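Engineer: My questions all concern the structure below.
The values are calculated or read from the model by the stated rules, or taken from the named source; none is laboratory data. Here the structure is a predicted model, which means the values were calculated and not measured. Virtual Cβ from ideal backbone geometry, glycine too; neighbours counted across all protein chains shown. Please note that ligands, DNA and RNA were not included when accessible areas were found on the heavy atoms of the full protein model with its side chains. Shrake-Rupley method; radii C 1.70, N 1.55, O 1.52, S 1.80 Å.
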Amino acid sequence: MGLPPSPSVKANEMIETVDLTRRFDGLVAVEGLNLRIEDGEVFGLLGPNGAGKTTTIRMLSALISPTSGSAFIDGLDVSHRQDQLRIRSMVGLLPESPGLYESLSAWQNLEFYGKMYGVPTSERQARIKQLLTTLELWDRRDDAVSGFSKGMKQKVSIARALVHEPRYLFLDEPTSGLDPQAALTVRQYIMELRGEGRTILLNTHNLDDAHRLCDRIGVLRSRLLAIGSPDELADRFFGRTTMVRMVSIPKGVPEAVLKVPGVLSSELNGNELTLRVEDPSVQNPLIVDLIISMGGKVEYVEQGRRGLEDVYLKIIEGGG
Amino acid sequence: MILRWDRVGIIVQKEFSEFRRNKYILYSLVLMPIIFATVLPAIYLIPVSSMSEGPANGPLDLDLNLSSSMQGEYLSDVVLSNISLVDCTVQNAIISNCRLENCTVEGSLVEGSDIIGGGFTDSFVQQSNLDGTDLVGTTVQDSFLAGQPSDTETAILLLLNILLIFFILIPTVIPTVVASYTIVGEKINRSLEPLLATPTTDLELLVGKAASIFIPCVLVTWAVFLPFVIIVNTITEPALGYSPMPDAIWIAGVFLLSPMVCGMSILSNVIISSRVTDVRSAQQLGSLVVLPIVALFLIMAMGLIPLTALNIVFLALVVLIIDLAMLNLARRTFRREEILVNWK
Ligand SMILES: Nc1ncnc2c1ncn2[C@@H]1O[C@H](COP(=O)(O)OP(=O)(O)OP(=O)(O)O)[C@@H](O)[C@H]1O
Ligand SMILES: [Mg+2]
């Protein structure tokens, strides 16, 4: 064992993992994870059930220790006892299950956590009021949480993660169990938090959320299979897509365009020709010229991309 | 490891708010001690105390009618009655309505006599007053032994010793209920994970949990001690002629031993609750901690170890050492890694 890295060495605001690995009695939950999440970034972790997303978040929150490798939050080592308290006070965690004190009210739950995070009284109470108001729970603040619906509990749990205004926010499936409107509230709220410059790591099975919220996503299945912005990933796994809508289609166009260098595939659906291309700025003009020269009439040309769902499935299937 | 008492205080406060809303915890914190401290002594002490006809502390009124006296004689195989005997040696005699002072008596039957000093061997004494007489192989029945407790007094004092077991059981049993609800409850609710995510140490959590159980248990034990003393004294005073409570044994038992035993019960219940998934099995296993306590007291009540205040203090020290050992064990169970990975 070498000397532990001193906190000051990596004193830049971000999350970094180096060969982060966690095993549970022989089962490898997370293997050799190398991640770097920049300050102010919203990073989404996708992956099938049991992929190690929750385990990763728990390691980053200094709740469970890595079997090997290391992770740093703001330059602090999650495996370092003396760093752990500071990491926990900088991190807001939304765990998989809300885990509220059911017999206590929403207000009491948040008060307790506010105190545990050491938020001064007046600040704490103002903050709780603001959180409960935003999340539309202010009128129910004195009711026991046991009487709350699943979504309401999830909202209280989100408020709890934010009560100390953490710089780092780890959200484990934030919109799961929420109705579309509540999910929207939460999503907008996350956007707001992102605007405030917080660094957010979120686990989700909701690819729509991932696409809308995340600057970058990582697809995990024990190992990190892919990483990048949703668009980059779509381009990487499907190439760029160009869609040409025509008024009339001359015979042989789908076959002819394949001869244009850089066109990878072509597919005709009704009046729409969908093409995978290497670089739209090079191939698109050539394609349009070719169609016109063959007597075709182009209505419009559109840049198309595969949805994140296709991308995700492809990554997972290709990931072995 | 860091232990900040303000953190512990916040946890204790939160636990108290939860206790207030859990009727099982409230029952066990209020009803159980009241029953232990009021109903139990009444049930045990009233029958014994009411059997005796007032304080049996005075000598029997024998109304002796002494017609002659002897001094320094040797007597054997005789029947003696209404005689004052001083410094005599008596063998194989039947003695009734006599006064014996410093006599040596062997193999005799003595009845309705005043006996002062001297020594009795292999004899049978009934309905007499004895004062400072050595007794060897001699049976004494329905008599007054000066300076010796009466049968009723002996019975009441023995019962009080057994009641001390019940009293010590108050701070032993309540934690099995409270701990099972708070710890297994947090497990079922999964409320430990967000708690563990706060900037608090495992030790603060453990101490907070334990203190929140310890404080009400010990306070309630002490609180019911006062009515208990009043009830015991009210019941037993007519039979004893004095108030037996509180004595040094009880003071040591209630104020020293019971907090130690309470700590032991809490810590073992913390450990047990971490291993089981439902409240009922936590309580069933947890209630086993009363067994060593009961066993110890039975040993004391049976006289194998004399039940003295000093021995109670000594016992409290032994339990304190056990507490410290268990605290060490509980600390190992109460680590966040352990809680999140192995508590199921
Ligand atoms: N406490 C534990 N003990 C043993 N194995 C565990 C434990 N926690 C997680 N695992 C295992 O680690 C692997 C990753 O689990 P994890 O909860 O991180 O997955 P996940 O990506 O969050 O899944 P999901 O999408 O279902 O929430 C799984 O195979 C799981 O069985
Ligand atoms: Mg998960």
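Engineer: Whenever you get a sec, compute what percent of the accessible area on the protein assembly as shown sits on carbon and sulfur atoms (1.4 Å probe).
Structural biologist: That fraction is 56 percent.
Engineer: Can I ask one more? Would you compute, for the Cα atoms of segment B:1-132, the largest minus smallest coordinate along each principal axis and list the three values in descending order, in whole Å?
Structural biologist: 85, 39, 21
Engineer: Sticking with this one: How much accessible surface does residue B:332 have with a 1.4 Å probe, in Å² rounded to 10?
Structural biologist: Ignoring ligands and nucleic acids, residue B:332 comes out at about 130 Å².
Engineer: Binning every alpha carbon pair distance of segment B:151-269 at 5 Å from zero, what are the percents per bin?
Structural biologist: 2, 10, 18, 18, 13, 11, 9, 7, 5, 4, 2, 1, 0
Engineer: Quote the total accessible area buried by chains B and A together, excluding ligands, DNA and RNA, probe 1.4 Å, nearest 100 Å².
Structural biologist: 2600
Engineer: OK, next. Over segment B:68-146, what is the percentage of antiparallel beta bridges among all DSSP beta bridges, to the nearest 5?
Structural biologist: 0
Engineer: A further question follows. Can you give me the Kirkwood hydrodynamic radius for segment B:301-344, using every pair of distinct Cα atoms, in Å to one decimal?
Structural biologist: 12.9
Engineer: So for segment B:216-344, taking the charge dipole from beta-carbon charges (+1 Lys/Arg, -1 Asp/Glu), which of B:255, B:218, B:305 sits furthest toward the positive end?
Structural biologist: Toward the positive end, the furthest listed residue is B:218.
Engineer: Go from 0 up to the bin containing the longest alpha carbon distance in segment B:96-217, width 10 Å each, and give me the % of pairs per bin.
Structural biologist: Taking every Cα pair in segment B:96-217, the percentages come to 11, 25, 12, 9, 9, 11, 12, 9, 2.
Engineer: Using +1 at the Cβ of each Lys and Arg and -1 at the Cβ of each Asp and Glu in the protein assembly as shown, identify which of B:104, A:130, B:16 lies farthest towards the dipole's positive end.
Structural biologist: Positive-end residue among those listed: A:130.
Engineer: Please figure out what share of the DSSP beta bridges in the protein assembly as shown is antiparallel and state it in percent, rounded to the nearest 5.
Structural biologist: 40
Engineer: Also, I was wondering about something else. Treating the beta-carbon of each Lys and Arg as +1 and of each Asp and Glu as -1, no other charges, what is the dipole magnitude of the protein assembly as shown about its Cα centre, to the nearest 20 debye?
Structural biologist: The dipole magnitude comes to about 3740 debye.
Engineer: Stokes-Einstein at 10 °C, 1.306 mPa s, Kirkwood radius from Cα pairs: D for chain A in µm² s⁻¹?
Structural biologist: Estimated diffusion coefficient is 72 µm²/s.
Engineer: Cross-link list A:53/B:344; A:314/B:187; A:53/B:14; A:53/A:115; A:53/B:209: which exceed 27 angstrom alpha carbon to alpha carbon?
Structural biologist: From A:53/B:344; A:314/B:187; A:53/B:14; A:53/A:115; A:53/B:209, over 27 Å: A:314/B:187; A:53/B:14; A:53/A:115; A:53/B:209.
Engineer: Considering chain B as a Gaussian network with a 10 Å cut-off on Cα pairs, which listed residue, B:207, B:90, B:12, attains the greatest mean-square fluctuation?
Structural biologist: Highest fluctuation among the options: B:90.
Engineer: Would you compute, for the Cα atoms of segment B:185-344, the largest minus smallest coordinate along each principal axis and list the three values in descending order, in whole Å?
Structural biologist: 62, 30, 28
Engineer: While we're looking at this one, here's another question. Taking the Cα centre as origin and putting +1 on Lys and Arg beta-carbons and -1 on Asp and Glu beta-carbons, what dipole magnitude results for segment A:15-228, to the nearest 20 debye?
Structural biologist: So the magnitude is around 240 debye.
Engineer: How many Å² of accessible area per residue for segment A:236-307, probe 1.4 Å?
Structural biologist: Averaged over the residues of segment A:236-307, the accessible area is 56 Å².
Engineer: Okay, moving on. List the residues of segment B:190-218 that lose 30 Å² or more of accessible area once all protein chains are present, compared with their chain alone (1.4 Å probe, heavy atoms only, no ligands or nucleic acids).
Structural biologist: Relative to the lone chain, where solvent access is computed with a 1.4 Å probe, segment B:190-218 loses at least 30 Å² at B:190, B:191, B:193, B:194, B:195, B:197, B:198, B:199.
Engineer: From largest to smallest, what semi-axes in whole angstrom does the protein assembly as shown give when each is the square root of 5 times an eigenvalue of its alpha carbon gyration tensor?
Structural biologist: The three semi-axes for the protein assembly as shown are 89, 22, 19 Å.
Engineer: Could you check the simple spin-label distance between residue B:24 and residue B:223, using points 7 Å along Cα→Cβ, in nm with one decimal?
Structural biologist: With each label placed 7 Å out from Cα toward Cβ, I get 2.2 nm.
Engineer: Compactness ratio of segment B:262-339: Cα Rg over 2.2 N^0.38 Å, N = residue count?
Structural biologist: Compared with the compact-globule rule of thumb, segment B:262-339 sits at 1.30.
Engineer: Also, I was wondering about something else. Which number do you get for Rg(Cα) / (2.2 N^0.38 Å) in segment A:236-307?
Structural biologist: 0.98
Engineer: From the protein chains alone at 1.4 Å, what is the descending order of accessible area for B:188, B:156, largest first?
Structural biologist: Largest accessible area first, the residues go B:188, B:156.
Engineer: Now a separate question. So for chain A, taking the charge dipole from beta-carbon charges (+1 Lys/Arg, -1 Asp/Glu), which of A:71, A:265, A:242 sits furthest toward the positive end?
Structural biologist: The residue sitting most towards the positive pole is A:71.
Engineer: Let me ask another. If one computes the Cα centroid of segment A:231-262 and of segment A:54-97, what distance in Å separates the two points?
Structural biologist: If you average the Cα positions of each part, the centres end up 46 Å apart.
Engineer: Kindly give the semi-axes, whole Å and largest first, of the ellipsoid equivalent to chain B, taking each as the square root of 5 times a Cα gyration tensor eigenvalue.
Structural biologist: 61, 19, 14
Engineer: A further question on this structure: Size of the dipole of segment A:236-307 about the Cα centre, Lys and Arg at +1 and Asp and Glu at -1 on the beta carbon, nothing else charged, in debye to 20?
Structural biologist: Roughly 160 debye for segment A:236-307.
Engineer: OK, next. What percent does the relative contact order of segment A:15-228 come to when contacts are Cα pairs within less than 8 Å and at least six residues apart?
Structural biologist: Taking the mean separation of contacting Cα pairs over the length of segment A:15-228, I get 30 percent.
Engineer: For the pair residue B:332 and residue A:121, what calculated FRET efficiency results from E = 1/(1 + (r/R0)^6), where r is the Cβ-Cβ distance and R0 = 30 Å, to the nearest 0.05?
Structural biologist: In this case the efficiency is close to 0.25.
Engineer: Over chain A, what is the percentage of antiparallel beta bridges among all DSSP beta bridges, to the nearest 5?
Structural biologist: Counting DSSP beta bridges with both partners in chain A, the antiparallel share is about 70 percent.
Engineer: To the nearest µm²/s, what D does Stokes-Einstein give for segment B:68-146 at 20 °C and 1.002 mPa s, using the Kirkwood radius over alpha carbon pairs as Rh?
Structural biologist: Rounded, D is 183 µm²/s.
Engineer: Taking residue A:251 as the anchor, which lysines have their alpha carbon closer than 21 Å to its alpha carbon, excluding any fewer than eight residues away along the same chain?
Structural biologist: A:259, A:297
Engineer: Residues of segment A:55-73 with amide nitrogen under 13 Å from the 7 Å Cα-to-Cβ point of residue A:23?
Structural biologist: Answer for this model: A:67-69.
Engineer: Moving on to the next point. Which of the trypsin sites (Lys or Arg not before Pro) found in segment A:230-280 are loop residues per DSSP with 16 or fewer other Cβ atoms within 10 Å of their Cβ?
Structural biologist: Answer in residue order: A:251, A:259.
Engineer: Moving on to the next point. Taking the solvent-accessible surface of protein heavy atoms with a 1.4 Å probe, what is the per residue accessible area of chain B in Å²?
Structural biologist: Using a 1.4 Å probe on heavy atoms only, each residue of chain B averages 45 Å².
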